[in-house]
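K.L.:
Got a structure for you, questions after.
Here, each number is a calculation from the coordinates, and none is a lab measurement. In this text, all values refer to a predicted model and were calculated from it rather than measured experimentally. Every residue, glycine as well, gets a Cβ built from its backbone with ideal geometry; the counts of neighbours run over all protein chains shown.
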Amino acid sequence: MTTPPGWYPEPGQTPQLPPRERWWDGHNWTAQTRQATGTPSARGGGRAGRGPLIGLVAGIVGAVVLAAALALGSVLLLGGDPDEGGATEAGPGVPSPAPEGSTPGDKGESAPPRDDEPPSKIPEVARDPLLGVGLTAPEGWERASDSHAAVSSEHEYTCPASRKEECVRGGGVLKATNGAGSDKGALKELTEAQVAENAKTSYPKKSYGGITGHQVVESGAVTVAGEPGYRVRWRVANKLKPDAYVEAVVFRSPESSQRTLALWSSVDIADDAPPASDLDALRNGVVATGAGEDEGPREAV
């Protein structure tokens, strides 16, 4: 199984700001690094606000380390900065660091794209090679990250509680959970905790003045990417409008029956916001892609 060339989160990086990415040439890690441009907590020239997506992906780079450990069955062993010759070990399926002294071109590998090159066409499915799943962007949505399964609605606006931040009308992201088990009771318990965390982080006080209340509008068992899951949807009241629909879905990983994943999604309740039915579209658009693969969705088993 071959991991395609591209920018990936720095191997062995602990959660930090700003996060970094390193270029994988298809065979080895190269010396090229950059600030993680795929982190969707900022849009355009570093604007901090993302509305519903603020909490969805504000800590996504830090979560990648945990996700990698869960996905590959081994914890990344930190051995210092690869640029300083530190050793880094990773589980099967994760590219190994390039030997000290190696340079791009040793094996005919591709070079990283230049910053001034036009962006490539955005794929329909936002994939996370560490989770083995992808998230299909509904019409009017776009990828929010270059290397994670995260999407956001295209429309943005000034956050009601912060005139210095830009918010978006909807967001969705796939992430690993700390739970396991696939029976309905366990999934329900995990989902109830996830939807509360999603609401708190997706509509923070600094952007919306604080959540004043919520009510459960939908809940129950679902099937996601062919696997059993459970979903809970809240209607959230914010101190400063708009209110919102916030949903969490926890489901068994297509890659491992001992692992669960979560889909966090939300949409504003506003005239120019995506319809609440897009939350269903996001859930139905979760596809199994295979860990480390980038060849499109594969049929769920």
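K.L.:
Figure the gain on full extension for Glu124 and Ser277 (residue separation times 0.36 nm, minus the Cα-Cα span) and round it to one decimal in nm. Don't skip to the end; give the middle numbers.
P.N.:
On the way: separation 153, 0.36 × 153 = 55.08 nm, distance 1.86 nm.
Taking 0.36 nm per residue and subtracting the Cα distance, the gain is 53.2 nm.
K.L.:
On a full-extension model of 0.36 nm per residue, what is the gain between Ser256 and Glu192, subtracting their alpha-carbon distance, rounded to one decimal in nm?
P.N.:
On the way: separation 64, 0.36 × 64 = 23.04 nm, distance 2.20 nm.
Full extension of this stretch gives 20.8 nm more.
K.L.:
Sort 131-137, 168-174, 211-217 for me by packing, meaning the mean count of neighbouring Cβ atoms within 10 Å per residue, highest on top.
P.N.:
Details: 131-137: 25.6, 168-174: 29.6, 211-217: 13.3.
By packing density, highest mean first, the sequence is 168-174, 131-137, 211-217.
K.L.:
In debye to the nearest 20, how big a dipole does segment 169-267 give about its Cα centre with +1 on each Lys and Arg Cβ and -1 on each Asp and Glu Cβ? Could you put the intermediate results ahead of the total?
P.N.:
Details: 14 positive and 9 negative charges, 93 e Å.
Here the size comes out at about 440 debye.
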